[in-house]
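The values are calculated or read from the model by the stated rules, or taken from the named source; none is laboratory data. Keep in mind the model is a prediction, meaning the values are calculated, not measured. Every residue, glycine as well, gets a Cβ built from its backbone with ideal geometry; the counts of neighbours run over all protein chains shown.
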Amino acid sequence: MAEADLSGRRVLAIVTNYGVEQDELVVPVDHLRERGADVQVAAVEDEPIETLVGDKDPGKTVHPTTTLGQVDPTVYDLLVIPGGTVNADQLRLDEDAVRIVSTFEGEGRPIAAICHGPWALVEADIVDGRRLTSYASLKTDIGNAGGRWVDAAAVVDDSRRPTIITSRTPKDLDDFLREIEKVLA
């Protein structure tokens, strides 16, 4: 498959300042930027983002480009929600993060969430009737919110707007990124 030219496309990744799974943030951001997308990383605070590897080992430090409170979600073409247990658990409790997810849903703009990232979708109450995947421990949460959990590397639910792309773990990043490119191209 030829590399997609994503010039002119705007992508927003939302995270907390501690606990995001390194590869679930860094790999998509770098990948999409290499293909020409304008990718902004919004964190809770305008402080360095301390990533983790495997939810426990220190990873790379990433600098946010904006904060969740400053973001205008209406100017982006796609939302990326990385996982990391600590990150995702705190993100779903953040009012600005939930507002951003709800705005993307309300405007029919695509959302991509990986690993524990779908917790934000559950919190924003947008999984009812949707087919999703995630880290296996979210299966019950997704089911309780009315979604249907499936065990697959990447799941695209385009049964209604917005399209929602989900993946299980960093091992699925190639499939996750391929589906994101299809939606953005």
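Every residue in region 132-184 that is of a type in the set (A, V, I, L, M, F, W, C), in contact with an Asp or Glu (Cβ under 8 Å, 6 or more places away or on another chain) and more than 18 Å from T85 (Cα to Cα), please. Scanning region 132-184 gives A145, A153, A154, V156, I164, I165, L184. Pairing residues of region 101-121 that are without any contact (Cβ under 8 Å) to a residue 12 or more places away in the chain with residues that are outside any helix (DSSP H, G or I) and buried (at least 22 other Cβ atoms within 10 Å of the Cβ), at Cβ distances under 8 Å and at least 6 apart in sequence or on separate chains, gives no pairs at all.
Cβ-Cβ contacts under 7 Å between residues 6 or more apart (or on different chains), taken from a first residue in region 162-180 that is within 19 Å of V39 (Cα to Cα) and without any contact (Cβ under 8 Å) to a residue 40 or more places away in the chain to a second residue that is crowded, with 21+ Cβ neighbours inside 10 Å and among the charged types (D, E, K, R), are absent.
Give the residue that is nearest to F176 (Cα to Cα), with candidates limited to residues of region 70-81 that are of a type outside the set (A, V, I, L, M) and surrounded by 15 or more Cβ atoms within 10 Å (Cβ to Cβ). Step by step, filter region 70-81, then rank; the result is D77. Of all residues in region 1-37 being surrounded by 17 or more Cβ atoms within 10 Å (Cβ to Cβ) and out of contact with any helix residue (DSSP H, G or I) (no Cβ under 8 Å at 6 or more places or on another chain), which is farthest from D72 (Cα to Cα)? The selected residue is Q22. From the list D175, D151, the one residue that fits, being within 20 Å of Q22 (Cβ to Cβ) and either outside any helix (DSSP H, G or I) or at pLDDT 95 or above (or both), is D175. Reported count of residues in region 78-108, each being assigned to a loop (DSSP other than H, G, I, E, B) and over 13 Å from the mean Cα position of the chain (by Cα), is 3.
Taken as a whole, the condition of being within 26 Å of E107 (Cα to Cα) and of a type in the set (D, E, K, R) applies to D89. Residues in region 15-73 that are in contact (Cβ under 8 Å) with a residue 60 or more places away in the chain, closer than 26 Å to D174 by Cβ and part of a strand (DSSP E or B): G19, V20, E21. Scanning region 149-161 for residues that are exposed (fewer than 14 other Cβ atoms within 10 Å of the Cβ) and either in contact (Cβ under 8 Å) with a residue 60 or more places away in the chain or touching a Lys or Arg at 6+ places or on another chain (Cβ under 8 Å) (or both) returns D151, S159.
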